[in-house]
Amino acid sequence: MRTRRLHELRDSVARAATPHEITLRGGKLDGAMEASPVAQTNVVFIRYGADVLVEAGPTGDRFVLTLPLGPMGVGRDTVERRLSSPFVLAPDRRTLMAPEPVDGALVVATSIARVRDQLAALAGTAPDGDLEFRSESAERAPLPPAYLESACRSVAETLFRCSGLPDLAARSLEQTLLSAALLAVPHNHSRMLLSGSARVSTSHAETARAWMADNHGVTVTVPDVAGAVGLSVRQLQSVTMERFGLTPTALLRGIRLADARRRLTGDGGDVATTVASAAHQAGFAHLGRFAQVYRRTYGETPYQSLVRAQGR
């Protein structure tokens, strides 16, 4: 949206991100705003086109990350420092911001509970206590801020250019954003992501495979599998390679492929009505890619398998 009405711009951003007030300090407002949901998270672009002071209240149980696209003044009582790196708004006090008028900023907003869930998926275990992001934290982040900046820009560009993303794609983009934030912004559990993978039993690989066999629908992702068996994604990759010589992605694809094969051939059950229905029910989102993998694996197209089974 484009607007010269301050209250219209404020209210639109507040609905997508967090309540705040805007004070016009100089120039004429020439605002632009675009927001896109990605699973349980909102990504917002905001530009004011004038010199403004933004006062955001305490965010409480919300996670609100701001990525300045130009140098931004930031402070608690006054605008006391200029930042170009991403930062998280304070949960228990106000944050003052003086954004660059033309370049604007990107904002990522979701619940802190959602970010905590992503931390558990990354680390392989739930954090002990609340998750807190604080600018004065003594913790060291595993990755530099540039990693988060790149992830935010890439995801925002994808969202603003592509509408109606499939659920699987949206969840993957959300996981990319939240993982990048957890890895590049210091918080009180950063050490969980710095300690490296603990040694885990390969029995977890068997558990993961059994879980995939029961839960391999089109929306299931590798982080879902890791979370279900209590491992980080890195740990899951390690144990499945050690046990099966396969990455979790390849293992999940193989399970989906075997399920589609059973549906197309009628092996042990009813024959599918169409190739598309068999592929989707087995967990494949892209029919073209499914057909390529199926032919490479079984030496015939899915349609040939289906026609033969239906002609019995």
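Summed over segment 261-306, residues that are polar (S, T, N, Q) and under 19 Å from VAL220 (Cβ atoms) total 2. Just one of the numbered conditions (1) open to solvent by 30 Å² or more (accessible area, probe 1.4 Å); (2) in a strand (DSSP E or B); (3) touching a Gly at 6+ places or on another chain (Cβ under 7 Å) is not true of VAL79: (2). For the residues GLU157, GLU139, GLU132, GLU149, the requirement of being over 30 Å from GLY283 (Cα atoms), at pLDDT 90 or above, surrounded by fewer than 19 Cβ atoms within 10 Å (Cβ to Cβ) and over 13 Å from the mean Cα position of the chain (by Cα) singles out GLU132. Anything in segment 51-72 that is open to solvent by less than 20 Å² (accessible area, probe 1.4 Å) and at pLDDT below 95? List them, or say none. Once the filter is applied, which keeps residues that are open to solvent by less than 20 Å² (accessible area, probe 1.4 Å) and at pLDDT below 95, segment 51-72 yields only GLY70.
Taking helices (runs of 4 or more DSSP H) that do not extend beyond segment 99-218, which have at least 1 residues that are touching a Leu at 6+ places or on another chain (Cβ under 8 Å) and of a type in the set (Val, Ile, Thr)?
112-123, 145-161
Against the numbered list (1) open to solvent by 60 Å² or more (accessible area, probe 1.4 Å); (2) assigned to a helix (DSSP H, G or I); (3) free of Cβ contacts under 8 Å to residues at least 12 places away in the same chain, ARG263 comes up short only at (3). Going by the conditions given, is PHE284 among the aromatic types (Phe, Trp, Tyr), in contact with a Leu (Cβ under 9 Å, 6 or more places away or on another chain) and farther than 30 Å from GLN310 by Cα? When the stated conditions are applied, PHE284 does not pass them. Flag: SER190 matches the condition of being polar (S, T, N, Q), buried (at least 17 other Cβ atoms within 10 Å of the Cβ) and in contact with an Asp or Glu (Cβ under 9 Å, 6 or more places away or on another chain). Can you work out which of the residues in segment 266-312 that are charged (D, E, K, R) and farther than 23 Å from LEU251 by Cα is surrounded by the fewest Cβ atoms within 10 Å (Cβ to Cβ)? The qualifying residue surrounded by the fewest Cβ atoms within 10 Å (Cβ to Cβ) is ARG312. Just to be sure I understand, how many residues within segment 227-255 are within 10 Å of ALA208 (Cβ to Cβ) and at pLDDT 85 or above? Qualifying residue count, segment 227-255: 8. If the condition is being modelled with pLDDT under 95 and of a type outside the set (S, T, N, Q), then segment 265-275 contributes GLY266, ASP267, GLY268, GLY269, ASP270, VAL271, ALA272. Inside segment 82-98, residues that are touching a residue at least 40 places away in the same chain (Cβ under 8 Å) and not in a strand (DSSP E or B) make up a count of 5. Could you give me the residue pairs with C-beta distances under 9 Å whose first residue belongs to segment 156-178 and is β-branched (Val, Ile, Thr), whose second residue is modelled with pLDDT of 85 or more and open to solvent by 50 Å² or more (accessible area, probe 1.4 Å) wherever it lies, and which are 6+ apart or on separate chains? So the pair list comes out as THR176/SER154. The condition (being open to solvent by 50 Å² or more (accessible area, probe 1.4 Å), under 24 Å from VAL13 (Cβ atoms) and touching a Ser or Thr at 6+ places or on another chain (Cβ under 9 Å)) is satisfied by just one residue among SER163, SER172: SER163.
Just wondering, is there one or more residues in segment 223-236 that are touching a residue at least 40 places away in the same chain (Cβ under 8 Å), open to solvent by 60 Å² or more (accessible area, probe 1.4 Å) and either farther than 30 Å from ARG116 by Cα or in contact with a Gly (Cβ under 7 Å, 6 or more places away or on another chain) (or both)? No: zero hits. Filter segment 6-46 for residues that are farther than 25 Å from ASP61 by Cα and in a strand (DSSP E or B) and give the result. The answer is THR23, LEU24, ARG25, GLY26, GLY31, ALA32.
The values are calculated or read from the model by the stated rules, or taken from the named source; none is laboratory data. As the structure is a prediction and not an experimental result, all values here were calculated from the model. Every residue, glycine as well, gets a Cβ built from its backbone with ideal geometry; the counts of neighbours run over all protein chains shown. Note: areas computed on protein heavy atoms with side chains; ligands, DNA, RNA excluded. Shrake-Rupley method; radii C 1.70, N 1.55, O 1.52, S 1.80 Å.
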